[in-house]
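Working notes, structure below.
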Amino acid sequence: MKKIQIILVILASTTLLFLFKNKVLASDGTVELRSTQGTDSRCFAASLLMEDLAYTILVSCRDLIYPGEFGLINYALWAQPTDGTSTVFLGLLGYGKSTVRIAKPFNSLFVTIESQIGATPTGRVVMRGNVSPVTFLDRPTTATPTPGEETKQGEEQTQEGEQEQEQQPQSTRDKLFLALRRAGIAALIALVALIGLIFVVTRARG
């Protein structure tokens, strides 16, 4: 009975750790906040889990309209925690650049336009986006050679090919051609020597 209890405790702990890990990783990524009003306003956010187990979020926006509506001049950024608790106010976007922090894992961000900032959003939601994981970090990638390295690799491959051609054994035809060429050169030298000898003998008799 005691062994069964130990096994159940281990399984429960493993399950909780797995779920917690998934929640943590769910907040480590990027967010594309798109307009909910059909305008060009948009924001991009990158979230990273830091060593203190809190998230640092960098936000950059484009085409924000000031004021968003009459009397509403604040663009407020909010996060929706993964545990389903109340939304968390992260900060104001100002003129479209901001760095904010949050301790809770979250799965989405949204932007409202507010006249005054309270504990909960009261203004209209103008942008929203969900967290997407950074797939580039999930698995190792192969190195991409630079243009200079590609040229160098091409030259090395050409040199290796030439060396392989030089190291390949000669065929019977090549050997015969080489032997005939050498024989022809030897015959030509012998003929020249013979002509020279006849010339010398003839000149001596004369």
Restricting the range 81-123 to residues that are modelled with pLDDT of 95 or more and aromatic (Phe, Trp, Tyr), the one farthest from the chain's Cα centre (by Cα) turns out to be Phe89
Output for Cβ contacts, cut-off 9 Å, separation at least six or different chains, first residue under 15 Å from Phe44 (Cα atoms) in the range 72-95, second crowded, with 17+ Cβ neighbours inside 10 Å and among the acidic types (Asp, Glu), reads Tyr75/Glu114; Ala76/Glu114; Leu92/Glu114
Filtering the range 87-134 down to residues that are in a loop (DSSP other than H, G, I, E, B) and within 20 Å of Asp28 (Cα to Cα) yields Thr87, Ala103, Lys104, Pro105, Val134
Worksheet item: Condition test on Leu77, is it modelled with pLDDT under 95 and within 14 Å of Met127 (Cβ to Cβ)?
Response: no
Of (1) exposed (fewer than 15 other Cβ atoms within 10 Å of the Cβ); (2) not in a loop (DSSP other than H, G, I, E, B), Pro67 fails just (2)
Subset of the range 35-56, residues in contact (Cβ under 8 Å) with a residue 60 or more places away in the chain and within 17 Å of Phe89 (Cα to Cα), comes to Cys43, Ala45, Ser47
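To keep it simple, each residue is scored yes or no on (1) within 32 Å of the chain's Cα centre (by Cα); (2) surrounded by fewer than 14 Cβ atoms within 10 Å (Cβ to Cβ); (3) modelled with pLDDT of 90 or more.
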position: Lys2; (1), (2), (3): no, yes, no
position: Gln5; (1), (2), (3): no, yes, no
position: Val9; (1), (2), (3): no, yes, no
position: Ser13; (1), (2), (3): no, yes, no
position: Leu16; (1), (2), (3): yes, yes, no
position: Phe20; (1), (2), (3): yes, yes, no
position: Val31; (1), (2), (3): yes, no, yes
position: Arg42; (1), (2), (3): yes, no, yes
position: Leu49; (1), (2), (3): yes, no, yes
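The values are calculated or read from the model by the stated rules, or taken from the named source; none is laboratory data. Keep in mind it's a predicted model, so treat the numbers as computed, not measured. Glycine also receives a Cβ, built like all others from the backbone with ideal geometry; neighbour counts cover every protein chain displayed.
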